[in-house]
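Structure record follows, encoded as structure tokens.
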Amino acid sequence: MIAKGDGPTNSPRLVTTIDDTRAVIALVRQEGKTIGFVPTMGALHAGHISLIDIAKQSGAYVVVSVYVNPTQFDSRSDLEHYPRILEADLEACAKAGVGLVFAPETEAMYPPGDQTRVIPGPLADGMCGSSRPGHFDGVCTVVAKLFNIVRPDTAYFGQKDAQQAAIIRRMTRDLCMPVRIEICPLIREEDGLALSSRNVRLLGEDRRRALCLYQALCTGRDLLLGGDMLPDAAVARMREVVSESDSVVIDYLTIVDPDTLEPISVPRGRVMLAGAVRIGDVRLIDNLLVDLPTS
Ligand code: AMP
């Protein structure tokens, strides 16, 4: 009999194989419970926990995956330096009431001979897709595999990775995957920096510099809300805000339609200001959704 952790007082069950994960989930399903799934790369912070909390609130048995997926990294250094702290992640999951943590080895996710990939469409072309070739192929492939292993009723993703969220939503529709996708709000530090597992690599002055991305997005938002600036001019001003911080390299800054991710020329309705910057070898992303008058 496979025991199942369940609830804030129990530690989550740590499972590393696909077969054991399926066995635990089959038992949970026999009890009539639904499965809520939060895929992560670990180094859990309050942003991840907010997704788990939303999944828990639905009454589901919550499964969290902790897997640093090599196929979505376009930089070997980023993959090597990505924080890995499974013990701390398990503690955070215990506090949050997670039932099962699936932490597979790469041999399980990409067994010898593995060659099939899920390639997204044009949603993956711009923004992070332009500067991280193949990144979203890796994301879609690992998420498709994880969905096939966990078979969740609902999977929870963060608005922090807005392009990823849009692509995953599209993938599940295009490939008829029987899973509901819920996009959860972006969680920030008190000063506005978007929480990210990579923030621990921002040392000294770099932590202060990192704030310029959020400040640029806020500047763009305020200019659009002011009502007399076109998106191109607002983006130009956003670039100036980032340029005021030395040692910060702009990857992209843009104002897009949140569904199509196409840059907008007319500021109307719901828009998304988004950007990515590099500070040393740390790449940060952020975005803001803004509701503008519709006419
Ligand atoms: P990661 O471990 O970076 O792959 O992130 C796992 C999930 O947590 C993704 O759906 C992210 O969008 C989400 N996430 C990461 N950071 C935040 C944040 N600051 N606020 C909300 N969700 C987040």
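Summary of computed values
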| read-out | value |
| --- | --- |
| Interchain or long-range residues, amide H under 5 Å from THR34's placed H | TYR61 |
| Kirkwood Rh in Å, taken over the chain so that all alpha-carbon pairs contribute | 20.1 Å |
| Accessible carbon and sulfur surface of the chain relative to its total accessible area, %, 1.4 Å | 51 percent |
| All aspartates and glutamates inside 14 Å of LYS145 as judged from Cα atoms, apart from same-chain residues fewer than 8 positions distant | ASP19, GLU105, GLU107, ASP114, ASP137 |
| Relative pair counts by distance (%), Cα atoms of the range 162-256, 5 Å bins | 2, 11, 17, 17, 17, 14, 10, 7, 3, 0 |
| Solvent-accessible area per residue, Å², over the chain with all protein chains present [probe radius 1.4 Å] | 47 Å² |
| Of LEU203, LEU86, LEU253, the one that fluctuates the most in a GNM where the chain has Cα springs shorter than 10 Å | LEU203 |
| Over the chain: helical MRE at 222 nm, DSSP H runs n ≥ 4 each giving -39500 (n - 2.57), nearest 500 | -12000 deg cm²/dmol |
| Placed amide H near ARG283: partners under 5 Å, 5+ positions off or other chain | none |
| Heavy-atom accessible area ranking, 1.4 Å probe, most first, across HIS81, HIS135 | HIS81, HIS135 |
| Dimensionless Rg/Rh of the range 245-295 - Kirkwood Rh, Rg from C-alpha atoms | 1.09 |
| Local electrostatic count, PRO133, Cβ distance below 11 Å [Lys/Arg +1, Asp/Glu -1] | -2 |
| Relative contact order of the range 116-235, defined on C-alpha pairs under 8 angstrom at six or more residues apart (%) | 18 percent |
| THR116 accessible area, 1.4 Å probe, all protein chains in place, Å² to nearest 10 | 100 Å² |
| Top of VAL62, VAL242, VAL28 by mean-square fluctuation, Gaussian network on the chain, Cα under 10 Å | VAL28 |
| Dipole magnitude of the chain, debye to nearest 20 (Cβ charges: Lys/Arg +1, Asp/Glu -1, about Cα centre) | 620 debye |
| Ranked packing of 278-290, 212-224, most packed first, by mean Cβ within 10 Å | 212-224, 278-290 |
| Integer Hz, Karplus 6.51/-1.76/1.60 couplings in order for the range 286-291, x for Gly and Pro | 6, 7, 9, 8, 10, 9 |
| Phi-based couplings in Hz for the range 47-59 (Karplus 6.51, -1.76, 1.60; Gly and Pro marked x) | x, 4, 5, 5, 5, 4, 4, 5, 5, 4, 4, 6, x |
| Length-normalised contact order for the chain - Cα pairs under 8 Å, 6+ apart - percent | 17 percent |
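The values are calculated or read from the model by the stated rules, or taken from the named source; none is laboratory data. Everything numeric in this text was worked out from a predicted model, so none of it was measured. Cβ sites come from the backbone with ideal geometry, for glycine too, and all protein chains shown count toward neighbours. These area figures cover heavy atoms from the full protein model, side chains too; ligands, DNA and RNA do not enter into them. Shrake-Rupley method; radii C 1.70, N 1.55, O 1.52, S 1.80 Å.
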